[in-house]
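Undergrad: Got a structure here, written out as structure tokens. Questions coming.
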């Protein structure tokens, strides 16, 4: 069965976004700092239609993360913030622009129904109101033979981790402090059956990969 | 001048000790898990008078940490818990036993005066009541040409980090969750002038070393 693969960047003090997230500053105060290492890479820039960039120890990590993904799941906040019902007159199309970088179906966890949003470049956002398992089933169907990416944010990830539904997790640990914001791990004591399988150390980030302990 | 070198083990969710620390369980619930990687090492066992043990990627890291240390600083809680004035009738001699593993002068940060405690094996505990700078000065004098080790816990480390007094920091990141306990980084946004200088990945722990940015 297609794997559910979760990747996220986290600060040394455990935050995946800074405080005071807003439309202008979707990653919160200081949150962009978590992605500097990625944005510098040629592999990341190519995905966003940009030229140039670095090749370093992080390159194979990012290439692996981007490969063989057929659908993405994300939380409402990661799609476009604003808790509560969608604005029917002027529904916001999220933080991802007219041509988001996914190029496959994206499933958004929300309590508030909304018709599927189709954007350029093979991107669609389907709003799932019946829970994380339903979203995973829909994403797996859409992904076909490929895997499903769990993009975040922290709350969506916690739900999937606690339910033991994540097959692979990669934390890109950035050696900086945010001081406040959204914590990835907030009170849980187990990693939902995941165990460390490999670590890649780059100069500006450390990639910690975990995978499910397979039984039988 | 002798460096102040801080080393500590931290869980993936940012804790350096578990909840409910007690005499019976000085590292709190689950806290021993943070040190499994070290206790397995021949280098660590030799320091504690034990034979056998493993040699792996962590070995040179621990050898470097133990080398050239002439004095240690620690917080009251790390010496022996129990906030408040010392029991004069039956003062506890701490968690470290009759022959602690330091074999050099240790300086304990406390608000409550107490005569220096001399134990076996060249160990002494001097109780410093006039602040972190005074403790550092005393420790540097005692260390002579050697460096000073900052052993923790989290609160003592935060004070030295925030004051920009730490020259080197090594976080041994353990890929497990404690869920609660003592956080190393709790609201601060800078690393007191420290920047990452090298990462060592072992199978069961990742060592993240930081050093002061020297100017001039």
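Undergrad: Could we say that residue B:3 is over 23 Å from residue B:57 (Cα atoms), modelled with pLDDT of 95 or more and either surrounded by 15 or more Cβ atoms within 10 Å (Cβ to Cβ) or within 14 Å of another protein chain (Cβ to nearest Cβ) (or both) here?
TA: It is true that residue B:3 is over 23 Å from residue B:57 (Cα atoms), modelled with pLDDT of 95 or more and either surrounded by 15 or more Cβ atoms within 10 Å (Cβ to Cβ) or within 14 Å of another protein chain (Cβ to nearest Cβ) (or both).
Undergrad: If you don't mind, another one. Residue A:8 passes all but one of (1) within 14 Å of chain B (Cβ to nearest Cβ); (2) out of contact with any helix residue (DSSP H, G or I) (no Cβ under 7 Å at 6 or more places or on another chain); (3) surrounded by fewer than 21 Cβ atoms within 10 Å (Cβ to Cβ); which number fails?
TA: Of (1) within 14 Å of chain B (Cβ to nearest Cβ); (2) out of contact with any helix residue (DSSP H, G or I) (no Cβ under 7 Å at 6 or more places or on another chain); (3) surrounded by fewer than 21 Cβ atoms within 10 Å (Cβ to Cβ), only one is false for residue A:8: (2).
Undergrad: Assuming residue B:190 fulfils every condition listed in (1) within 14 Å of chain A (Cβ to nearest Cβ); (2) buried (at least 18 other Cβ atoms within 10 Å of the Cβ) apart from one, which condition is it?
TA: If we test residue B:190 against (1) within 14 Å of chain A (Cβ to nearest Cβ); (2) buried (at least 18 other Cβ atoms within 10 Å of the Cβ), just (2) comes out false.
Undergrad: Consider residue A:101 against the criteria (1) free of Cβ contacts under 8 Å to residues at least 40 places away in the same chain; (2) out of contact with any strand residue (DSSP E or B) (no Cβ under 7 Å at 6 or more places or on another chain); (3) closer than 27 Å to residue A:39 by Cα; (4) surrounded by fewer than 17 Cβ atoms within 10 Å (Cβ to Cβ): it satisfies all of them except one. Which criterion is unmet?
TA: Failed condition: (1).
Undergrad: Hey, another quick one. Which one of these is within 20 Å of residue A:199 (Cα to Cα) and either more than 14 Å from chain A (Cβ to nearest Cβ) or buried (at least 22 other Cβ atoms within 10 Å of the Cβ) (or both): B:136, B:184, B:173, B:161?
TA: Working: B:136 fails: within 20 Å of residue A:199 (Cα to Cα); B:184 fails: within 20 Å of residue A:199 (Cα to Cα); B:161 fails: within 20 Å of residue A:199 (Cα to Cα).
B:173 is the lone residue from the list that is within 20 Å of residue A:199 (Cα to Cα) and either more than 14 Å from chain A (Cβ to nearest Cβ) or buried (at least 22 other Cβ atoms within 10 Å of the Cβ) (or both).
Undergrad: Related question: From the residues in the range A:203-213 that are more than 8 Å from chain B (Cβ to nearest Cβ) and buried (at least 17 other Cβ atoms within 10 Å of the Cβ), which one is farthest from residue A:31 (Cα to Cα)? Talk me through it step by step, then tell me what you get.
TA: So the first thing to find is which residues in the range A:203-213 are more than 8 Å from chain B (Cβ to nearest Cβ), and the list is A:205, A:207, A:209, A:211-213.
Among the residues that remain, those that are also buried (at least 17 other Cβ atoms within 10 Å of the Cβ) are: A:205, A:207, A:209, A:211-212.
Details: A:205: 15, A:207: 18, A:209: 22, A:211: 26, A:212: 29 Å.
For the range A:203-213, the residue satisfying everything is A:212.
Undergrad: A further question follows. May I ask you to list the residues in the range B:14-36 that are within 14 Å of chain A (Cβ to nearest Cβ) and surrounded by 22 or more Cβ atoms within 10 Å (Cβ to Cβ)?
TA: Across the range B:14-36, the qualifying residues are B:14, B:15, B:16, B:18, B:31, B:34.
Undergrad: Tell me, which strands (runs of 3 or more DSSP E) lie completely within the range A:117-202 with 3 or more residues that are under 29 Å from residue B:12 (Cα atoms) and modelled with pLDDT of 95 or more? Reasoning before the result, please.
TA: On the way: elements: A:124-128, A:147-152, A:168-174, A:194-201.
Here the list reads A:147-152, A:168-174, A:194-201.
Undergrad: Check the range A:117-124 and report whether any residue there is within 18 Å of residue A:77 (Cβ to Cβ) and surrounded by fewer than 21 Cβ atoms within 10 Å (Cβ to Cβ).
TA: Step one: list which residues in the range A:117-124 are within 18 Å of residue A:77 (Cβ to Cβ), which gives A:117.
Now narrow it down to the ones that are surrounded by fewer than 21 Cβ atoms within 10 Å (Cβ to Cβ): A:117.
Checked the range A:117-124: at least one residue is within 18 Å of residue A:77 (Cβ to Cβ) and surrounded by fewer than 21 Cβ atoms within 10 Å (Cβ to Cβ).
Undergrad: Let me ask you something else. Being in contact (Cβ under 8 Å) with a residue 12 or more places away in the chain, over 28 Å from residue B:199 (Cβ atoms) and part of a helix (DSSP H, G or I): is that true of residue B:77 here?
TA: When the stated conditions are applied, residue B:77 passes them.
The values are calculated or read from the model by the stated rules, or taken from the named source; none is laboratory data. Note that the coordinates shown come from a computational prediction; the quantities given were computed from them, not determined experimentally. Ideal geometry is used to build each Cβ from the backbone, glycine not excepted, and the neighbour counts take in all protein chains shown.
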